[in-house]
Amino acid sequence: MRYILASNNKGKLKEMKAILANLGAEVISQSEAGLSIDADETGTTFEENALIKAKAACEAIREPAIADDSGLAVEALGGAPGVYSARYGGCATDEERVNLLLKNLEGEKNRRAKFVSCIACTFPNGDVITARGECEGVITLAPRGEGGFGYDPIFELLDTGKTMAELSDEEKNAVSHRGRALKIFEMKLREYNADK
């Protein structure tokens with residue numbers, strides 16, 4: 001079966017393709033499907049925003065659509081940037097957002113944080129599957145590593161001593177918030193398909 005990813009984020013697409021290949025599922029970006037929409041993320045939770053994006057893509061193309069809404073929640077910042085992770089502080093680039101976050105944490109001893117990923121899949125018949133994954137860690141004092149994207153270079157996983165950007169793709173998929181959410185999603189999708 002083919003699924004449209006309601007995103008053009010190459011990092012998300014790569015991770016989705018790698019994990020959903022286990023189901024023999026084809027995942028393509030919305031631009032590859034000839035879709036050009038940018039749904040307003042008006043939700044106050046990751047779940048709400050994922051559902052908004054998936055529904056918009058599914059309704060536009062009449063095929064199953066998957067959306068992920070994910071972000072970073074930092075304890076000392078009251079859970080910020082949260083659902084605003086991709087547009088934190090009005091910054092235009094990942095590097096600017098990372099630098100702003102580090103600046104906002106200057107002198108802060110509590111650097112605990114978590115990555116959260118919520119996945120929603122909507123079908124033309126109105127059925128919905130959702131899954132949530134979390135990954136605990138701490139914010140480093142400076143970026144480390146060459147891999148990943150977004151806040152990966154400053155998010156050090158608990159008990160590893162490595163940032164997400166220092167992990168291989170396989171290592172990251174095994175422990176990341178999106179990897180965890182996708183494993184739950186994969187299980188739910190198998191059950192859904194078995195019932196059809």
Is it fair to say R111 is among the charged types (D, E, K, R), at pLDDT 90 or above and in contact with a strand residue (DSSP E or B) (Cβ under 6 Å, 6 or more places away or on another chain)? yes
State the number of residues belonging to region 83-108 that are under 18 Å from the mean Cα position of the chain (by Cα) and part of a helix (DSSP H, G or I). 10
Across region 50-73, which residue is farthest from A39 (Cα to Cα) among those that are of a type in the set (A, V, I, L, M, F, W, C) and buried (at least 24 other Cβ atoms within 10 Å of the Cβ)? L72
Can you pull out the residues in region 121-154 that are of a type in the set (A, V, I, L, M, F, W, C) and within 23 Å of S7 (Cα to Cα)? C121, F123, V128, I129, A131, C135, F149
One residue from A80, A76 being farther than 24 Å from K172 by Cα and either more than 12 Å from the chain's Cα centre (by Cα) or in contact (Cβ under 8 Å) with a residue 12 or more places away in the chain (or both): A76
Residues in region 106-134 that are hydrophobic (A, V, I, L, M, F, W, C), touching a helix residue (DSSP H, G or I) at 6+ places or on another chain (Cβ under 6 Å) and surrounded by fewer than 22 Cβ atoms within 10 Å (Cβ to Cβ): how many? 1
Selection within region 146-169 - touching a strand residue (DSSP E or B) at 6+ places or on another chain (Cβ under 7 Å) and surrounded by fewer than 20 Cβ atoms within 10 Å (Cβ to Cβ): L158, K162
Are there strands (runs of 3 or more DSSP E) fully within region 109-196 with at least 3 residues that are farther than 23 Å from E96 by Cα? List them. 112-122, 128-139
Given the options G90, G137, name the one that is more than 30 Å from I61 (Cα to Cα), of a type outside the set (K, R), surrounded by fewer than 18 Cβ atoms within 10 Å (Cβ to Cβ) and without any contact (Cβ under 8 Å) to a residue 60 or more places away in the chain. G90
If you take the residues in region 5-45 that are touching a Ser or Thr at 6+ places or on another chain (Cβ under 8 Å) and within 21 Å of Y192 (Cβ to Cβ), which one is surrounded by the fewest Cβ atoms within 10 Å (Cβ to Cβ)? E15
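The values are calculated or read from the model by the stated rules, or taken from the named source; none is laboratory data. These numbers come from a predicted model, not from an experiment. Heads up, the Cβs are rebuilt from the backbone with ideal geometry, glycines too, and the neighbour counts pull from every protein chain shown.
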